[in-house]
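The values are calculated or read from the model by the stated rules, or taken from the named source; none is laboratory data. Small disclaimer: the values here were computed from a predicted structure and weren't measured. Positions of Cβ are generated from backbone atoms using ideal geometry, with glycine treated the same way; all protein chains shown enter the neighbour counts. These area figures cover heavy atoms from the full protein model, side chains too; ligands, DNA and RNA do not enter into them. Shrake-Rupley method; radii C 1.70, N 1.55, O 1.52, S 1.80 Å.
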Amino acid sequence: MPAIRDDAVVLSRLDYSETSQVIVLLTRDHGKVRAIAKGIRRGTKTRFAAGIDLLDVGKVVLSSRQERTANLAILTEWKQTLSLSGLREKLARIQGAEYVAEITGHLTEDWDPHVELYNAFVSTLVSLSETADPLGPVVAYQLRLLESIGSIPRFDACVLCGRETDLTHFSSLEGGMICRNCEPGQVEKWELTPSTLRVLRAHRGGQPGSTSGSLAGAFGVLNYHITHLMGREPLLAARLLPATQRRIVE
Ligand SMILES: [Zn+2]
């Protein structure tokens, strides 16, 4: 079988048998790939001697009959290339990293490469490993992921009437902001403050200067949108930020 060599990060691991695990990787050039790592749980094979951990970044060699297949690839080699020890120094950092891994695993397709998303994922892990406030890198990544999968909401004007002022609500189904005039007719909506909208726009424009409490509001509205896209709330959202703290009233 042909060998595939790529850079990758581990999104999740699941025990498959007494000795094997299924590992979900986000690779740089091949997108998300599910691979079986045989013998990994025994730890007897030298190539896996160091083990593979959740969120590890490394070089991978996979064996796959063909790329566009529902079958699992076979993980034949793994070498960690980036050590992010700071990630596990604070609980909130690892919770932020596990959250971005979860939403990436659910919202990307197998064998559908997004090089820019892979790069954004790795730099988010690096940022998280040294940050005091994990919500900043997480919010920036939520936006990058939504952009990458073509589901970025519109923050500059009302999606129903085009009005650019008095944007008071967000609608996931409509894909963006709703103004005060259109809001009463909209059943599915999430109320947000002007400062939350400013944080969203600043991050969207690549200038995340504001690190006020509104980051929690920005996380809340993006997580609300991601929940709609996934069909359920990300399991790790509540651990990162309890639902009661996601609506900031000023
Ligand atoms: Zn409107």
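Summary of values
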| read-out | value |
| --- | --- |
| Failed item, numbered, when ARG144 is tested on (1) more than 15 Å from the ligand (Cβ to nearest atom); (2) in contact (Cβ under 8 Å) with a residue 60 or more places away in the chain | (2) |
| Region 23-38, residues that are out of contact with any strand residue (DSSP E or B) (no Cβ under 6 Å at 6 or more places or on another chain) and open to solvent by less than 10 Å² (accessible area, probe 1.4 Å) | GLY31 |
| Top-ranked residue of region 89-124 - restricted to ones that are open to solvent by less than 30 Å² (accessible area, probe 1.4 Å) and small (Gly, Ala, Ser), ranked as nearest to the chain's Cα centre (by Cα) | ALA101 |
| Residues of region 137-152 satisfying the condition of being surrounded by fewer than 22 Cβ atoms within 10 Å (Cβ to Cβ) and either in contact with a Leu (Cβ under 6 Å, 6 or more places away or on another chain) or among the polar types (S, T, N, Q) (or both) | SER148, ILE149, SER151, ILE152 |
| Members of region 77-114 that are among the hydrophobic types (A, V, I, L, M, F, W, C) and at negative phi | TRP78, LEU82, LEU84, LEU87, LEU91, ALA92, ILE94, ALA97, VAL100, ALA101, ILE103, LEU107 |
| Residue that is nearest to the ligand (Cβ to nearest atom) [pool: residues in region 156-195 that are of a type in the set (Gly, Ala, Ser) and more than 27 Å from the chain's Cα centre (by Cα)] | GLY162 |
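Here's the yes/no breakdown for (1) out of contact with any Cys (no Cβ under 9 Å at 6 or more places or on another chain); (2) of a type outside the set (Gly, Ala, Ser); (3) in the same structural domain as ASN223 (by TED's automatic domain parsing):
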| position | (1), (2), (3) |
| --- | --- |
| GLY58 | yes, no, no |
| LEU75 | yes, yes, no |
| LEU107 | yes, yes, yes |
| ASP110 | yes, yes, yes |
| LEU125 | yes, yes, yes |
| GLU130 | yes, yes, yes |
| ALA140 | yes, no, yes |
